[in-house]
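Just below is one structure, and these are the notes that go with it.
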Amino acid sequence: MIELTDTARRKIEDLVDAEVVREPALRIGLAEGDAPRSPWERGYDISLVEREDKQKTEIAINVDGIRVLLNLDTSNLLSGATIDWDGAAGGFRVETPQPRRPSAPAFSQNPGVSGPLADRVQRVLDELVNPRIAAHGGAVELVDVADDTVYVRMSGGCQGCSASAATLRMGVERMVKDEVPEVKDIVDLTDHDAGVMPYY
């Protein structure tokens, strides 16, 4: 859940009163060139736009009457964040960009999957993927590796989530292939119909 400080709310109201925007939406995206290995090292671009400017790749959420536009990456990263107005800098800022960092999961949690390629994929899941989706109560488990194909299972908030396919293709698959280029395909073995607490 994203929160807005009273200062940020007043600034939005002032901009509406000044007719800078008519029906405001707060757009939060990753800063240009932001590509850290860790999801805890992020920079953000925050701007006030018209509601009708929502892009196809964005989702809109309602934060106490204020529409906030997020893409997949920022929706995963900003759970628990607070948006404030920085008068000195003259712009909005993410005051708490990520939730409290969870404990790192044990490496190679699935003892039945081993080998150099599997170990590298497991490390990507442990260090890059699962910390990112932990904010939504989700996790991705390595089930098997066969040749250049990786088989995974999603659980928690990812199981049955309407955004799980996008998370897999735009998040998990991209990060795994970036770090382990030998991987050509990732197959989701999750029984999404059995999900009991999907995030979306």
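Coordinate-derived values only; no laboratory data. Computed from a prediction, not measured in an experiment: that's the story for all the values here. Quick reminder, even Gly has a Cβ in these numbers, built from the backbone with ideal geometry, and neighbours come from all protein chains shown.
A residue that is in contact with a His (Cβ under 7 Å, 6 or more places away or on another chain) and within 21 Å of H192 (Cα to Cα) cannot be found anywhere in the range 129-140. Residue by residue through the range 46-64, note down the ones that are among the small types (G, A, S) and either touching a helix residue (DSSP H, G or I) at 6+ places or on another chain (Cβ under 7 Å) or over 21 Å from D86 (Cα atoms) (or both). A60 - this is the single residue of the range 46-64 that is among the small types (G, A, S) and either touching a helix residue (DSSP H, G or I) at 6+ places or on another chain (Cβ under 7 Å) or over 21 Å from D86 (Cα atoms) (or both). Tallying residues that are surrounded by fewer than 18 Cβ atoms within 10 Å (Cβ to Cβ) and part of a helix (DSSP H, G or I) within the range 139-172 yields 4. The C-beta contact set for the range 1-23 (first residue over 13 Å from G65 (Cβ atoms) and in contact (Cβ under 8 Å) with a residue 60 or more places away in the chain, second residue surrounded by 11 or more Cβ atoms within 10 Å (Cβ to Cβ) and among the acidic types (D, E), distance under 8 angstrom, 6+ apart or interchain) comprises T5/D84; T5/E95; T7/D84.
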